[in-house]
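What follows is a set of notes on a single structure, which appears directly below.
The values are calculated or read from the model by the stated rules, or taken from the named source; none is laboratory data. Just so you know, these numbers come straight off a predicted model, no measurement behind them. For neighbour counting, all protein chains shown are included, and Cβ atoms are generated from backbone atoms with ideal geometry for every residue, glycine included. Ligands, DNA and RNA are excluded from the accessible area calculation, which covers all protein heavy atoms including side chains. Shrake-Rupley method; radii C 1.70, N 1.55, O 1.52, S 1.80 Å.
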Amino acid sequence: MTDRPGPVRTLALAALTIALAAAFLALGWWQIERRAWKLDLIDRVESRVSASPVAPPGPEDWPGLSREGAEYLRVEAEGRFLAEEALVQAVTERGAGYWVLSPFVTEDGLTMLVNRGFVPREGRTASRSTGTGPHRIVGLLRMTEPDGGFLRANDPGAGRWYSRDVDAIARSMGLTGAAPYFVDAEAGHNGGTPPVGGLTVVRFRNAHLVYALTWFTLAAMCAGATALVLRAGTAPARDGPQES
């Protein structure tokens, strides 16, 4: 009696392990490509954050704006704040509280939302007046955050905001023609008084190399399994014990 697998079973098992190895190799290579893309993105963002500020993109630039191409661009503008504001729930290195977003009209007539900074929960009713005079804002351009936070939808009617949804916040303030982005103001724009700016976190998770090594290891294991299956299928048959 033989205990080796039949040729059909051997070929089927070998085909399965080869297919799995090929899939794992493809996934590993995809992670290598993603890592190259992420490193390039990090380099571009770091160069934007440290660059001299430029004018915020105007309406003619809005159709071509993208998160990869524009986010964290350092911008500068002079103008005045409008009286409205929205408090967006936030968790920062200073604890839980709110981002304070106010509409800002530049000298060129551009309307955009500015995240003036962070206030703690107990400070949400404190005076956050921007004054009536002109302001100079320097900060990082951020793309809109639509729909709300994790499992929590924005409620404009009740003034509850869980994400910096530019379009929804602008509509709740009655603004028209507002820029499709907001600006995180840098530290010190309020002269040291709340809200506290400059708390933008510029950090990108980059574990693609670990993922790639994991997939390549699984591919190697499948290749080893293929060799074992083929070896078992081609091994000489062994007879079972004979009765005397």
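For F216, only one of the following conditions fails: (1) closer than 30 Å to L20 by Cα; (2) open to solvent by less than 30 Å² (accessible area, probe 1.4 Å); (3) touching a Phe, Trp or Tyr at 6+ places or on another chain (Cβ under 8 Å). What is its number? Checking F216 against (1) closer than 30 Å to L20 by Cα; (2) open to solvent by less than 30 Å² (accessible area, probe 1.4 Å); (3) touching a Phe, Trp or Tyr at 6+ places or on another chain (Cβ under 8 Å), the one that fails is (2).
Being open to solvent by less than 20 Å² (accessible area, probe 1.4 Å), modelled with pLDDT of 90 or more and closer than 19 Å to A187 by Cα is a property that does not hold for G123.
Part of a loop (DSSP other than H, G, I, E, B), open to solvent by 70 Å² or more (accessible area, probe 1.4 Å) and modelled with pLDDT under 80: is that true of R231 in this structure? For R231, the condition - part of a loop (DSSP other than H, G, I, E, B), open to solvent by 70 Å² or more (accessible area, probe 1.4 Å) and modelled with pLDDT under 80 - is not met. Considered as a group, the residues in region 79-97 that are under 30 Å from D108 (Cα atoms) and among the small types (G, A, S) include one that is surrounded by the fewest Cβ atoms within 10 Å (Cβ to Cβ), and that residue is A83. Look at D61 and say whether it is under 17 Å from L113 (Cα atoms), surrounded by fewer than 14 Cβ atoms within 10 Å (Cβ to Cβ) and within 24 Å of the chain's Cα centre (by Cα). Here the answer is yes, as D61 does meet what is asked. Being closer than 21 Å to S172 by Cβ and modelled with pLDDT of 90 or more is a description that applies to G117. If you go through region 34-68 and pick out every residue that is modelled with pLDDT of 85 or more and either in a helix (DSSP H, G or I) or acidic (D, E) (or both), you end up with 6. For region 68-89, enumerate the residues that are closer than 30 Å to L151 by Cα and touching a Lys or Arg at 6+ places or on another chain (Cβ under 9 Å). Across region 68-89, the qualifying residues are E68, G69, A70, E71, Y72, L73, E85, A86, L87, V88, Q89. Tallying residues that are within 13 Å of A55 (Cβ to Cβ) and assigned to a strand (DSSP E or B) within region 69-103 yields 6. Can you confirm whether A168 is crowded, with 18+ Cβ neighbours inside 10 Å, at pLDDT below 90 and either closer than 27 Å to V45 by Cα or not β-branched (V, I, T) (or both)? Judged against the criteria, A168 is not a match.
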